1. Starting from the Cα of Lys168, draw a straight line to each of the aspartates and glutamates and keep only those under 13 Å, dropping any in the same chain fewer than 8 residues away.
2. Measuring from a point 7 Å past the Cα of Gln190 along Cα-to-C-beta, which residues in the stretch 100-130 have an amide N at less than 14 Å?
3. With r as the distance between the Cβ atoms of Asn6 and Ala40 and R0 = 30 Å, compute the FRET efficiency 1/(1 + (r/R0)^6) and round to 0.05.
4. So what are the radius of gyration and Dmax for the Cα set of the chain, in Å?
5. Test of understanding: extend the Cα→C-beta vector of Gln63 to 7 Å, then name every residue of the stretch 132-168 with backbone N under 18 Å from that spot.
6. Per DSSP H run of n ≥ 4, the term is -39500 (n - 2.57); total these for the chain, divide by its residue number, and report the mean residue ellipticity at 222 nm rounded to 500 deg cm²/dmol.
7. Report the full-extension gain for the segment Ala30 to Leu209: residue separation times 0.36 nm, less the Cα-Cα distance, to one decimal in nm.
8. Residues of the stretch 154-182 with amide nitrogen under 17 Å from the 7 Å Cα-to-Cβ point of Asn128?
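All of the numbers you see were taken from the coordinates with simple rules; none came from a lab. Everything numeric in this text was worked out from a predicted model, so none of it was measured. Neighbour counts are summed over all protein chains in view; Cβ atoms, including those assigned to glycine, are modelled from backbone coordinates with ideal geometry.
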Amino acid sequence: MIYNPNLLNPNFEKVPLAIVTFHIEGQREAQLQQCIASVAEDLPEGAVHYVIPVKGKPFYVHQRQDALRLGDYVAFVDDDDTVMNKGISLTYEAIKTGNYGVAFTDENLVDETGKVLSVENGVRTYENAQRTASTIHHLAMLNTSYINSSDLNVIRGRIIGSDWYIMKCAINGSKDGAIHVPVVGYNWTQSSDSLGKTMTGLTVPELALNKTGAIPVYKV
């Protein structure tokens with residue numbers, strides 16, 4: 001695990017796989033340690049878990065774009081969430097089986113005590129993904145070679161929907177789009193102060209997916 005890498009260093013050398021966690025300083029310290037421990041249990045050889053402190057929620061969003069330079073493949077794990085069931089390893093295997101921009105798992109929606117509220121699983125389509133970001137969600141691994149940095153200039157300074165916009169760019173830029181790993185690989189915690197519930201700011205522009213139909217499933 002590497003704490004606080006210099007994202008602005010132009011000579012920063014990419015690793016094969018970067019798992020990236022942003023941590024708002026002074027908050028969620030206990031949850032952060034659980035997050036770090038869960039990632040450490042399933043970190044493939046050559047992969048690095050980067051923990052990046054930020055001073056507030058706007059920085060949390062803006063620096064996600066800069067973090068794409070950390071790895072050939074990048075996955076974000078939030079500081080109050082945990083990974084499970086070899087979700088990292090399986091998405092890493094799956095995304096390399098074709099020219100995929102994104103590989104993603106199923107997820108548990110959990111409360112702050114860890115109680116499972118619902119499970120996001122089942123068949124996914126690009127049409128559903130266009131309508132709701134939860135169709136392709138945690139754990140989601142990006143092939144950064146399919147993300148053109150110039151395509152992200154339009155969302156610089158915007159907050160709402162930026163993660164989903166980046167994922168769409170990876171899907172659209174790739175030949176094969178996305179691949180679904182049908183295991184529950186992520187616990188997505190619904191904290192009272194979570195980003196989705198408290199973040200305000202400009203919304204990113206609409207971006208249509210250029211693929212249709214059912215999203216292929218990786219055979220586990």
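1. Filter leaves Glu127, Asp151, Asp176, Glu206.
2. 108-120, by backbone N distance to the label point.
3. Working: r = 22 Å, r/R0 = 0.75.
The value I calculate is 0.85.
4. 16.0, 44
5. Backbone N within reach: 156-160, 162-163.
6. Working: 6 runs with 53 residues, N = 220.
Using -39500 (n - 2.57) per qualifying helix, the result is -6500 deg cm²/dmol.
7. On the way: separation 179, 0.36 × 179 = 64.44 nm, distance 3.79 nm.
Extending this stretch completely gives an extra 60.7 nm.
8. 178-182
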